[in-house]
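Q: This is the structure I have questions about; it appears just below.
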Amino acid sequence: MSYNAFKVVHLFGVVLFLGNIIVTALWKMLADRTRAPAVIAYAQWLVTLTDWIFTAGGVVLIVIGAYGMVAVGGLDLRQTWLVWGQSLFLLSGLIWAAVLIPTQIAQARQARAFAAGGPIPESYWRLGRRWAIWGVIATIVPLCNLYFMVFKP
């Protein structure tokens, strides 16, 4: 593949990745605000589903595109902007793996239990606050990454 073909793959992955994490946060927040167990449970299921399809799929495309461009373009991975890009990407991934995914799994388990209209436990809301705080951090990190990828300081 050519450099530009890898760039298209990379950019498509970025759009999927960032688009999903931003939109998912918005509709999960809106679903939680309804306080309707069935709505919240469905939204929680969609968070998991779209993370597997779009966030993880975006990550795969980002990596293929990025390292493909490095390989065919003769880029040096020690360049400052590439070091920052990789570091921020890894940091975001670590936050997702260490905090957000386990939180989502716990919320999904609880949501299955109250999906039919049972009470929503306080622990679901505590986990929701944790997911929101760390989700904002995990979203800001790749948005900062855009700076390094575009301006290449």
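Q: Please go through region 116-140 and give me each residue that is farther than 27 Å from Gly19 by Cβ and of a type in the set (A, V, I, L, M), ordered by number.
A: Ala116, Ile120
Q: Would you mind stating whether Ala98 is of a type in the set (A, V, I, L, M) and under 21 Å from Pro121 (Cβ atoms)?
A: Criteria not met by Ala98.
Residue-by-condition table, conditions (1) loosely packed, with under 15 Cβ neighbours inside 10 Å; (2) touching a residue at least 40 places away in the same chain (Cβ under 8 Å); (3) under 18 Å from Val15 (Cα atoms); (4) not β-branched (Val, Ile, Thr):
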{"site": "Met69", "(1), (2), (3), (4)": "no, yes, yes, yes"}
{"site": "Gly73", "(1), (2), (3), (4)": "yes, yes, no, yes"}
{"site": "Phe89", "(1), (2), (3), (4)": "no, yes, yes, yes"}
{"site": "Thr103", "(1), (2), (3), (4)": "no, no, no, no"}
{"site": "Gly117", "(1), (2), (3), (4)": "yes, yes, no, yes"}
{"site": "Pro121", "(1), (2), (3), (4)": "yes, no, no, yes"}
{"site": "Arg126", "(1), (2), (3), (4)": "yes, no, no, yes"}
{"site": "Pro142", "(1), (2), (3), (4)": "no, yes, yes, yes"}
{"site": "Val150", "(1), (2), (3), (4)": "yes, no, yes, no"}
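Q: All but one of (1) surrounded by fewer than 16 Cβ atoms within 10 Å (Cβ to Cβ); (2) of a type outside the set (D, E, K, R); (3) part of a helix (DSSP H, G or I) hold for Trp84; state the number of the condition that does not hold.
A: Of the numbered conditions (1) surrounded by fewer than 16 Cβ atoms within 10 Å (Cβ to Cβ); (2) of a type outside the set (D, E, K, R); (3) part of a helix (DSSP H, G or I), the odd one out for Trp84 is (1).
Q: Now for a different question. Suppose we keep only residues that are exposed (fewer than 14 other Cβ atoms within 10 Å of the Cβ) and not charged (D, E, K, R) within region 22-37. Which one would you say is nearest to the chain's Cα centre (by Cα)?
A: Ile22
Q: Kindly establish whether Val39 is free of Cβ contacts under 8 Å to residues at least 12 places away in the same chain, assigned to a helix (DSSP H, G or I) and over 17 Å from Cys144 (Cβ atoms).
A: When the stated conditions are applied, Val39 passes them.
Q: Also, I was wondering about something else. Can you tell me which condition Ala108 does not meet? The list is (1) more than 13 Å from the chain's Cα centre (by Cα); (2) more than 20 Å from Trp27 (Cβ to Cβ); (3) in contact (Cβ under 8 Å) with a residue 24 or more places away in the chain, and all the others hold.
A: (2)
Q: Spot the failing condition for Ala98; the list is (1) of a type outside the set (Val, Ile, Thr); (2) free of Cβ contacts under 8 Å to residues at least 60 places away in the same chain; (3) not in a helix (DSSP H, G or I), and only one is missed.
A: Here Ala98 meets the rest and fails (3).
Q: Check Ser92 against each of (1) in contact with a Pro (Cβ under 9 Å, 6 or more places away or on another chain); (2) farther than 14 Å from Asn145 by Cβ and name the one condition it does not meet.
A: Only one criterion in (1) in contact with a Pro (Cβ under 9 Å, 6 or more places away or on another chain); (2) farther than 14 Å from Asn145 by Cβ is unmet by Ser92, namely (2).
Q: I would also like to ask the following. With at positive phi and not small (Gly, Ala, Ser) as the only criterion, which of Arg78, Arg35 stands out?
A: Arg35
Read the figures in this text as sums done on the coordinates, not as results from a lab. What you see is a predicted model, and the numbers here were worked out from it, not measured in a lab. Here Cβ is always computed from backbone atoms with ideal geometry, including for glycine, and neighbour counts include all displayed protein chains.
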